[in-house]
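Report on the following structure.
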């Protein structure tokens, strides 16, 4: 049997259990209901063993319930403490509170569902011989940069270029679509309006608007590309948005977490790798590594992937213009950008042609060319 003294001490420390009944108290303390009944009677002052302290606490608790217009039958749990002056204080959870918490939790679930991928699942045709991955690459869009264009205009151009690249891809045996994002996807780190290292930037909108606008733009692009093939998103941080691009990648990973036709690579490494058949592609912004070192970096960081592939390239952003060199059989390609020039670039005389490219990776034969979309 459980010591009655222990049960009464428990009731003294947890006066809320005085109102719960013998059955629940016995379950809580793993004692018999008879013991619980005796202890409850003593705690409630029915027998002469009740102490003045318990009576005081019980009386104050009853007053509290009366003033708060709470029925003892509605009490689920009680927390009791005393102020420094010895005045009793109670925190009560009622049945209505429990129901409210449940409803609130359900509201959160419903809200999250409304901001989740529609999970539209398409039935894709099995590619004919020689399938390809179609790499739709639009680095360095610098979303939010002060350039004379509104965010809506920037978004329209971004989506129109993607649609143009898909129209021009008709006839290809596309097995998957590779969508590298980032590479200065956003113009700054946000509230501080600077690059990651602190160079001041001029943004056209607030940091919340540009962050939300960017990841939603990628969702629109991904949902469009899903009409053609499964999509593999690769998140590449830039020197303008190194931190925020990681956050955006996590949002997208959560958005598509249950989608069977979308993958999101937002791993910690600043360099990402993608393997398709005999092809190996390394993605990096290109502002830190020396181009001639990239073949060794690839072989060192991904030796197994390097050994299993025959066609290897590194794709970079950063310079907003096309540059291609080959080192030890590995092409290092800096990609063009659709980003409009701001006042600083115009003043300096930089006038790179605004363009985006999509690369055709044959599963067995390597890169077979690219398709370009220009913005005048």
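Every read-out reported here was derived from the displayed coordinates using simple, explicitly stated rules and does not represent laboratory data. All of these numbers come straight from a predicted model, not from anything done at the bench. Here the Cβ positions follow ideal geometry from the backbone for every residue, glycine too, while neighbour counts run over all protein chains shown.
General remarks:
- Counting neighbouring beta carbons within 10 Å and listing from fewest to most, the residues 231, 324, 76 come out as 324, 76, 231.
- Largest GNM mean-square fluctuation among 61, 364, 311, using the chain with Cα springs under 10 Å: 61.
- Ranking of 233, 70, 360 by count of other Cβ atoms within 10 Å, fewest first: 70, 360, 233
- DSSP beta bridges in the chain [antiparallel fraction, %, rounded to 5]: 55
- Per-residue ellipticity at 222 nm from helix content only, as computed over the chain with -39500 (n - 2.57) for each DSSP H run of at least four residues, stands at -11000 deg cm²/dmol.
- Computed label-point distance, nm, for sites residue 122 and residue 301 using a 7 Å Cα→Cβ extension: 3.1
- Restricting the calculation to Cα atoms, the range 198-252 shows an Rg/Rh of 1.03 when the hydrodynamic-style radius is the Kirkwood one.
- The range 252-314: C-alpha gyration tensor shape, a/c 1.5 cut-off, then a/b vs b/c: oblate
- The chain: most fluctuating residue of 35, 155, 304 per GNM, C-alpha cutoff 10 Å: 35
- For the range 157-316, the spread of Cα coordinates along the three principal axes comes to 45, 38, 30 Å, biggest extent given first.
- Residues 352, 147, 91 in ascending order of nearby Cβ atoms (within 10 Å, fewest first): 91, 352, 147.
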